[in-house]
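The values are calculated or read from the model by the stated rules, or taken from the named source; none is laboratory data. Everything numeric in this text was worked out from a predicted model, so none of it was measured. Ideal geometry is used to build each Cβ from the backbone, glycine not excepted, and the neighbour counts take in all protein chains shown. Remember, those area values only see protein heavy atoms, side chains included, never the ligands or the DNA or RNA. Shrake-Rupley method; radii C 1.70, N 1.55, O 1.52, S 1.80 Å.
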Amino acid sequence: MYDGGKIIAGLAVFVLLFTFPFWYNIGNAAYTRPKLELPKEAKECVEKTEWMRAEHMQLLNHWRDEVVREGHREYKSMVAGKTFNKSLTKTCMKCHDNKEKFCDRCHNSLAVKPYCWDCHVAPKGEK
Amino acid sequence: MKSSRRKFLQIAGLSALGWSICPSLLQASGHGGGEGGNGQGVRWAMAIDTRKLDDKLMEECVHACHSIHNVPKINSKQNIKWIWSAPFEKLFPGQMHKFLKEVPEEHTLALCNHCGNPSCVRVCPTKATFKRPDGIVMMDFHRCIGCRYCMAACPYGSRSFNFADPRRFLKEQNPDFPTRTKGVVEKCTFCAERLDEGKRPACVEAAKGAIYFGDLNDPHSEVRQVLKERYSIRRKPGLGTDPSVYYLI
Ligand code: SF4
Ligand code: SF4
């Protein structure tokens, strides 16, 4: 074998770099789900909690298109049997009135930066 | 492949047949029209009574609109406006004569005309500007990429561009209406959000009867009634944009 040593050294460097994320995190605390402050008054959300956790971004995306482009403002819930106003500030944030302790905690821990708040005004004028 | 005159004529003939079978293809190049707006259904319109408006009332209209829609006041050329007061000679350049200056109300209100044939919609590459079936020329601020073609296309200067984050210039924010962000174009939306709730536009309410509002296609609507009684003009009608804002003289 020609240059066997170099090849093996190269491979070793490659494997080391490739697995860097794994051993870099050894010893770090495992990911814990952030504690969210839930609305005190409201009992139910527009949909089930699990569903909202996974789908709220799609839901909001649909809402915004339906409201702005089609003028459809009423959302019929699949579980609550009620109709809601499709509005981030008038519906969601009326219950979840603390963006920092609800939205931001999850988004920050997952390093997600939604740009909704560049335009939509958070309750109590939070940034 | 050898192309001959016979082949060319064959293809030309087939294409012509295609157009005749599916004439909608001919309109494929323009998305400015949209259904409704001109024919049946609702078409919202405004009639501004230039005799009833005075400076104070106009200021109130502007304030009503700009405060609920988080429109900032910026003291420079970068100012944002949805509705503003302007001299007749700016609004009706083709109709100006020197005696018109003698009328006491030299100014009147200007806003987006929600044109029936809006040039701004035609040029928007992302369809952020589009026409709703009820004739409202809407802005989808989520889609605007800030190319400003619409500003170049609008012959009425109805649009403003956000050169900076507008929040820096807002003393108070209305939490029920979003602000805009740097890099998007904005304009009056005929208060689409209020119409959908069954309310009238904010400026119409603030004008205390000096602005009429209603459905142009309904002969009994307030606008149609007043248009029947009074003489009215529109801004730059010769350009063919078919404005929905009428000025009662
Ligand atoms: S006034 Fe200008 S912005 Fe408004 S619909 Fe007409 S062309 Fe578009
Ligand atoms: S119709 Fe509404 S958005 Fe347009 S100028 Fe009047 S108040 Fe402003």
What is the residue count in the stretch B:151-170 for residues that are within 16 Å of ligand 2 (Cβ to nearest atom) and touching a helix residue (DSSP H, G or I) at 6+ places or on another chain (Cβ under 7 Å)? 2
Within the bounds of the stretch B:178-190, is there any residue that is within 10 Å of ligand 2 (Cβ to nearest atom), of a type in the set (Lys, Arg) and farther than 15 Å from A:VAL121 by Cα? yes
State whether the residues of the stretch B:61-79 include one that is open to solvent by less than 30 Å² (accessible area, probe 1.4 Å) and free of Cβ contacts under 8 Å to residues at least 24 places away in the same chain. no
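Condition check: away from ligand 2 (no atom under 15 Å from the Cβ), of a type in the set (Lys, Arg) and under 18 Å from the mean Cα position of the chain (by Cα). Does B:ARG148 satisfy that?
Judged against the criteria, B:ARG148 is a match.
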Just for the stretch B:46-102: of the residues that are assigned to a loop (DSSP other than H, G, I, E, B) and of a type in the set (A, V, I, L, M), which one is modelled with the lowest pLDDT? B:MET96
Hey, among the residues in the stretch B:105-141 that are within 14 Å of another protein chain (Cβ to nearest Cβ) and more than 16 Å from ligand 2 (Cβ to nearest atom), which one's modelled with the lowest pLDDT? B:PRO133
Output yes when any residue across the stretch A:95-104 is under 27 Å from B:GLU193 (Cα atoms), open to solvent by 60 Å² or more (accessible area, probe 1.4 Å) and assigned to a helix (DSSP H, G or I), and no when none is. no
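Here is a yes/no grid of residues against (1) within 13 Å of ligand 1 (Cβ to nearest atom); (2) free of Cβ contacts under 8 Å to residues at least 40 places away in the same chain; (3) within 15 Å of B:GLY157 (Cα to Cα); (4) of a type in the set (Ser, Thr, Tyr):
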| site | (1), (2), (3), (4) |
| --- | --- |
| B:GLU106 | no, yes, no, no |
| B:LEU111 | yes, no, yes, no |
| B:HIS114 | yes, no, yes, no |
| B:ASN117 | yes, no, no, no |
| B:PRO125 | no, yes, no, no |
| B:LYS131 | yes, no, no, no |
| B:GLY135 | yes, no, no, no |
| B:MET138 | yes, no, no, no |
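So, in the stretch B:39-79, of the ones that are among the aliphatic types (A, V, I, L, M) and within 14 Å of chain A (Cβ to nearest Cβ), which residue ends up farthest from A:CYS119 (Cα to Cα)?
Residue satisfying both the conditions and the ranking: B:VAL42.
Every residue in the stretch A:65-94 that is among the β-branched types (Val, Ile, Thr) and either facing another protein chain (nearest Cβ under 8 Å) or part of a helix (DSSP H, G or I) (or both), please. Step through it out loud before you land on a result.
Our first condition is that a residue be among the β-branched types (Val, Ile, Thr); within the stretch A:65-94, this holds for A:67-68, A:79, A:83, A:89, A:91.
Those that are among the β-branched types (Val, Ile, Thr) and either facing another protein chain (nearest Cβ under 8 Å) or part of a helix (DSSP H, G or I) (or both): A:VAL67, A:VAL68, A:THR89, A:THR91.
Within the bounds of the stretch B:87-101, is there any residue that is buried (at least 17 other Cβ atoms within 10 Å of the Cβ) and either small (Gly, Ala, Ser) or touching an Asp or Glu at 6+ places or on another chain (Cβ under 8 Å) (or both)?
Keep residues of the stretch B:87-101 that are buried (at least 17 other Cβ atoms within 10 Å of the Cβ), which gives B:88, B:91-92.
Subset that is either small (Gly, Ala, Ser) or touching an Asp or Glu at 6+ places or on another chain (Cβ under 8 Å) (or both): B:88.
The answer is yes, given that some residue of the stretch B:87-101 is buried (at least 17 other Cβ atoms within 10 Å of the Cβ) and either small (Gly, Ala, Ser) or touching an Asp or Glu at 6+ places or on another chain (Cβ under 8 Å) (or both).
Within the stretch B:186-194, is there a residue that is within 16 Å of ligand 1 (Cβ to nearest atom), over 30 Å from A:ASP97 (Cα atoms) and away from chain A (no Cβ under 11 Å)? Lay out the reasoning, then the answer.
Keep residues of the stretch B:186-194 that are within 16 Å of ligand 1 (Cβ to nearest atom), which gives B:186-192.
Filter once more, so that each one left must be over 30 Å from A:ASP97 (Cα atoms): none.
No, there is no match, as no residue in the stretch B:186-194 is within 16 Å of ligand 1 (Cβ to nearest atom), over 30 Å from A:ASP97 (Cα atoms) and away from chain A (no Cβ under 11 Å).
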Please go through the stretch A:55-64 and give me each residue that is open to solvent by 50 Å² or more (accessible area, probe 1.4 Å) and away from chain B (no Cβ under 12 Å), ordered by number. A:GLU55, A:HIS56, A:MET57, A:GLN58, A:HIS62
Flagged in the stretch B:105-134 as in a helix (DSSP H, G or I) and either at positive phi or not aliphatic (A, V, I, L, M) (or both), in numbering order, are B:SER119, B:CYS120, B:ARG122
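Which of the residues spanning the stretch A:81-107 are of a type in the set (S, T, N, Q) and in contact (Cβ under 8 Å) with a residue 12 or more places away in the chain?
Of the stretch A:81-107, the ones of a type in the set (S, T, N, Q) are A:83, A:85, A:87, A:89, A:91, A:98.
Matches in the stretch A:81-107: A:ASN85, A:SER87, A:THR89, A:THR91, A:ASN98.
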Restricted to the stretch B:195-211 and to residues being closer than 29 Å to B:ALA152 by Cα and touching a Lys or Arg at 6+ places or on another chain (Cβ under 9 Å), the residue farthest from the other protein chains (Cβ to nearest Cβ) is B:ILE211
What are the residue pairs meeting all of these: first residue in the stretch B:163-178, first residue within 23 Å of A:CYS92 (Cβ to Cβ) and among the aromatic types (Phe, Trp, Tyr), second residue assigned to a loop (DSSP other than H, G, I, E, B) and open to solvent by less than 30 Å² (accessible area, probe 1.4 Å), Cβ atoms under 7 Å, and 6 or more apart or on different chains? B:PHE177/B:HIS69; B:PHE177/B:ASN70
